[in-house]
1. So residue 222 fits all but one of (1) more than 19 Å from the chain's Cα centre (by Cα); (2) outside any loop (DSSP other than H, G, I, E, B); (3) closer than 21 Å to residue 247 by Cα; what number is the exception?
2. Based on what the data block shows, is residue 179 in contact (Cβ under 8 Å) with a residue 12 or more places away in the chain, part of a loop (DSSP other than H, G, I, E, B) and touching a helix residue (DSSP H, G or I) at 6+ places or on another chain (Cβ under 9 Å)?
3. Please indicate, with yes or no, whether at least one residue in the range 57-71 is out of contact with any strand residue (DSSP E or B) (no Cβ under 9 Å at 6 or more places or on another chain), closer than 19 Å to residue 13 by Cβ, part of a loop (DSSP other than H, G, I, E, B) and modelled with pLDDT under 95.
4. Just need a number here: residues in the range 75-92 that are touching a residue at least 24 places away in the same chain (Cβ under 8 Å) and either over 17 Å from residue 147 (Cα atoms) or more than 24 Å from the chain's Cα centre (by Cα) (or both).
5. Just name the residue that is surrounded by the fewest Cβ atoms within 10 Å (Cβ to Cβ) out of those in the range 6-19 that are under 21 Å from residue 199 (Cβ atoms) and in contact with a helix residue (DSSP H, G or I) (Cβ under 6 Å, 6 or more places away or on another chain).
6. Right, residue 130: touching a strand residue (DSSP E or B) at 6+ places or on another chain (Cβ under 8 Å) and at pLDDT 95 or above or not?
7. Looking at 242, 215 in this structure, which one is within 17 Å of residue 8 (Cβ to Cβ), within 20 Å of the chain's Cα centre (by Cα) and part of a helix (DSSP H, G or I)?
């Protein structure tokens, strides 16, 4: 009931598949790869391996976001305001369809949708979310939503997640999840325990023990817990937590 992996492949794909049984694909956020490429990933990983997918930024991030530079995708000037913030445009809905195709190819059960800090809790953005999530075809996918910024209060997030069937994704050291959908608790670890430098933090044995205790508590509520590390030392940290989880499982 506890799954552990990384956001991306810190040691290369082949090594990773030998060490872990879960990954959150990151490259799909910047651009959508060819289906044939993704089919190769699925085949190389083996049957017991689970992929989750980070949705294409065209859904959530406007072209002013610096993350678009890495994608190296040219957009015509007249369509610059057609992307991001869940805008009800053909381009955003097409971005979802292409993301969903990758999820289906990888046999992914979970799609992570991460919003930029500039996506604040104003009425227009909430309206966009409602229209987007009520219109898209999820085909059974669990959607983990990672909002950012103080404007997204716990109550606002809880109401939207409950209404739209979303799992609230957080860094557990920074915030508590307020809603779980479809029996899934999905956490992303950005290396940010209070007072520490984000991404460059290396998790201590006490940190990992705390994560195990949190997961075991959530398991008693019937939740399947996902921990995805997204820090510089994610390969080492995820490996240690995965070992703890296996040891705990053997004791039961």
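1. Checking residue 222 against (1) more than 19 Å from the chain's Cα centre (by Cα); (2) outside any loop (DSSP other than H, G, I, E, B); (3) closer than 21 Å to residue 247 by Cα, the one that fails is (2).
2. Criteria met by residue 179.
3. Scanning the range 57-71, I find no residue that is out of contact with any strand residue (DSSP E or B) (no Cβ under 9 Å at 6 or more places or on another chain), closer than 19 Å to residue 13 by Cβ, part of a loop (DSSP other than H, G, I, E, B) and modelled with pLDDT under 95, so the answer is no.
4. Within the range 75-92, residues that are touching a residue at least 24 places away in the same chain (Cβ under 8 Å) and either over 17 Å from residue 147 (Cα atoms) or more than 24 Å from the chain's Cα centre (by Cα) (or both) number 4.
5. Top of the filtered list is 11.
6. no
7. So the residue among 242, 215 that is within 17 Å of residue 8 (Cβ to Cβ), within 20 Å of the chain's Cα centre (by Cα) and part of a helix (DSSP H, G or I) is 242.
Residue-by-condition table, conditions (1) more than 23 Å from residue 4 (Cβ to Cβ); (2) crowded, with 18+ Cβ neighbours inside 10 Å:
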site	(1), (2)
21	no, no
29	no, yes
34	yes, no
39	yes, no
44	no, no
49	no, yes
54	no, yes
58	yes, yes
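The values are calculated or read from the model by the stated rules, or taken from the named source; none is laboratory data. Everything numeric here is computed off the predicted structure, so don't read it as measured data. Cβ coordinates were reconstructed from backbone atoms using ideal geometry, including for glycine residues, and neighbour counts include every protein chain displayed.
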